[in-house]
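For reference, the structure is listed below as structure tokens.
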Amino acid sequence: MCGVVGVCLTPGAASGQALRADRLAGAGIEKLLHRGPDGHGVCGDAQSAVAMCRLRLRSLPDDRVPFTAEAGSVAYAYNGEVYAVGPGALSGTGRTTVPAGGLDEGQAVDEHDCSALDGMYAQVRRSPDGCVEVSRDPFGIKPLYLRRHPHGTAVASEIPALLDLFGPVRVRPEAIGQFLLFGRVVDGGTFFQDIEPVAPGSRLLLKEGRVQQLVAGLGAPQPTGGREPATPEELRAAVSLAVERVLVSDRPLGLALSGGLDSTILATELSRRGVRELATVSVVPRGGGDGVTDLSALRLTGTAWRGWRHRWIGFGPDDLLDGVADAVRVLGEPTAMTSVPMYAALARLARESGIVALLLGEGADELFGGYRSYLRLAELTEPAEFYLSADQGRLVRDLLPSDAYAAARDALGAALPPAGGRPAAEVVREFEYQHSLEPLLRRSDHLLMAQGVEGRTPFLHGGLPALAASLPFSRLVDHGQTKLPLRRAFAAELPAYGDEVKKPFRAPVTDWLTGRVAPRVHAELTGHRDRLVAAGLRPDGLDELLGRVLRGDQAVAGLVFPLLTLGSWLEWLGA
């Protein structure tokens, strides 16, 4: 919906260093204007300030941003949506109200804790005394990053807005090791020194340039022993409520379709409600088996879907490679997710289709055990085994110095939640909200907002997370099938999905990057060689891998894309 920035300087920094918080906040928001084409503004003074750019969905066209009740009052730099406020907000059962857009949503986040809010939000609130309070939703659907510096503290919706606020930042070598080994940074930091995500569900106070924690991050919803496991009927009703909540908007809505269970459930709900004016979009990777080219293939009931406008776009190996540079620029960091360039294509297609708010299926796999890799969780004795295969370990060990490799492995062990006597599957289930879901949410937000489109995630609203938490892992995955509760809840409407096999939204890199484009991949990695070596990779190990890439060795395909994005990111930083 928006981009937000907040800056709070230490006493004396404004005068001694010729810094002004309002100017810094303004400079930060200038880097986020792609997130808010409908106006931007700054509120504050030399000591503290907040800034906001707006993509209007529910607020009034003439509302000034940041949102304020009157001049000199509390200012809300707000990003996101609040769908329900009250005791039934998270459970989906009980009294709730829906705030109006804009100022009312900011005040709702200000006046209630997470347990009484259903929504996605990252808010930076400045009070008249100059204090800045920061809030983020429990799942981290809306991103927010914090930078600490001797001159003060700043927060922003995207990392690039923070990189120059207090001068240059340094890259964290340990983050690169973790990224190569696990596909992402696992220790809770970022690729940069002194920049970290604001923990989901937390509230922070920025005062005199320092950070005080008011509310700690809530963490992932845990299986509860206080209620019976959710029934298919309860899940069905919660999905209906969630879809109803996320439809609130006075701008054009759309739906991303993959052809899998999650997006088809959303399509079923929208068609059942009689929604006739809807744009749907899909990316179809070559040879991937994912995507939708014809709505009739979904076999939806009713007739409302016949009025939908569907557009799709093909995607191949050259598109993947062409998208690497933009991917790291938008994310501000390298990525191992081959879906990122595909998602960028989806975002462009959504914008071209006139969509302003796009409904997504994110979250269903983490909540209800949707990935095929989860089928082996019951056999694990140690949670770390799930994240580090022997083959990947051998490849990365050849690329990293031994101490860097050991440090990366140790970082995973320190990051995993305490077992507390639980099976390894339940420990992984908890960690997946941080390790899998939050990066996917960040991908969706950054790439869609780069095109002026908001992403909405119905499966994370309407009481669905609480119902999922009532189900032990053994009820999510069994007998070679995943996501059993959702399949059973929609068995009547979607009988064909009872035996459907999950098709992940990612590029089939094993085939793509070792086939026709292998020489191009080799040339691009060779062009990044010196940067990668300077970043700490072993030159002999890198040269060996480059030779295997040129020979089309499929065993190294899984590491090629992360190395391409890492090299492109290092080039972007240098530029």
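The values are calculated or read from the model by the stated rules, or taken from the named source; none is laboratory data. Bear in mind the structure is a predicted one, so any value in this text is a computation, not a measurement. With ideal geometry, Cβ positions are generated from the backbone for all residues, glycine too; neighbour counts draw on all protein chains shown.
Data table
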read-out	value
Candidates Arg227, Arg251, filtered to the one that is touching a Leu at 6+ places or on another chain (Cβ under 8 Å) and surrounded by fewer than 19 Cβ atoms within 10 Å (Cβ to Cβ)	Arg251
Positions within segment 471-495 being in contact with a helix residue (DSSP H, G or I) (Cβ under 8 Å, 6 or more places away or on another chain), part of a loop (DSSP other than H, G, I, E, B) and of a type in the set (A, V, I, L, M), in sequence order	Leu471, Val477, Ala491, Leu494
Residues (in a loop (DSSP other than H, G, I, E, B) and touching an Asp or Glu at 6+ places or on another chain (Cβ under 8 Å)) located in segment 40-55	Asp45, Ala46, Leu55
All strands (runs of 3 or more DSSP E) inside segment 172-269 with 1 or more residues being under 29 Å from Ser135 (Cβ atoms) and among the β-branched types (Val, Ile, Thr)	195-197, 210-215
Segments classed as helices (runs of 4 or more DSSP H), wholly inside segment 496-575, with at least 1 members that are at pLDDT below 95	509-512, 518-527, 539-550, 557-574
Residues within segment 56-90 that are surrounded by fewer than 24 Cβ atoms within 10 Å (Cβ to Cβ) and part of a loop (DSSP other than H, G, I, E, B), tallied	18
Scan of segment 53-74 for residues that are of a type in the set (A, V, I, L, M, F, W, C), free of Cβ contacts under 8 Å to residues at least 60 places away in the same chain and in contact with a Cys (Cβ under 9 Å, 6 or more places away or on another chain), ordered by number	Cys53
Which numbered condition Ile313 fails, given (1) among the β-branched types (Val, Ile, Thr); (2) surrounded by fewer than 20 Cβ atoms within 10 Å (Cβ to Cβ); (3) not in a strand (DSSP E or B)	(3)
Only listed residue being under 24 Å from the mean Cα position of the chain (by Cα) and on the phi > 0 side of the Ramachandran plot, chosen from Gly463, Gly480	Gly463
Pair list, Cβ under 8 Å, 6 or more apart: segment 83-97 residue touching a residue at least 40 places away in the same chain (Cβ under 8 Å), other residue surrounded by fewer than 16 Cβ atoms within 10 Å (Cβ to Cβ) and not in a loop (DSSP other than H, G, I, E, B)	Ala84/Thr97; Leu90/Ser115
Scan of segment 332-349 for residues that are farther than 24 Å from Leu257 by Cβ and either aromatic (Phe, Trp, Tyr) or touching a helix residue (DSSP H, G or I) at 6+ places or on another chain (Cβ under 6 Å) (or both), ordered by number	Gly332, Pro334, Ala336
Only listed residue being surrounded by fewer than 19 Cβ atoms within 10 Å (Cβ to Cβ), more than 16 Å from Gly209 (Cβ to Cβ) and of a type outside the set (Phe, Trp, Tyr), chosen from His34, His40	His34
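Each row is one residue, and each column tells you yes or no for (1) surrounded by fewer than 23 Cβ atoms within 10 Å (Cβ to Cβ); (2) farther than 25 Å from Leu464 by Cα; (3) touching an Asp or Glu at 6+ places or on another chain (Cβ under 8 Å); (4) touching a residue at least 60 places away in the same chain (Cβ under 8 Å).
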{"position": "Arg276", "(1), (2), (3), (4)": "yes, yes, no, no"}
{"position": "Asp294", "(1), (2), (3), (4)": "yes, yes, no, no"}
{"position": "Ala297", "(1), (2), (3), (4)": "yes, yes, no, no"}
{"position": "Gly354", "(1), (2), (3), (4)": "yes, yes, no, yes"}
{"position": "Leu359", "(1), (2), (3), (4)": "no, no, no, yes"}
{"position": "Leu367", "(1), (2), (3), (4)": "no, no, no, yes"}
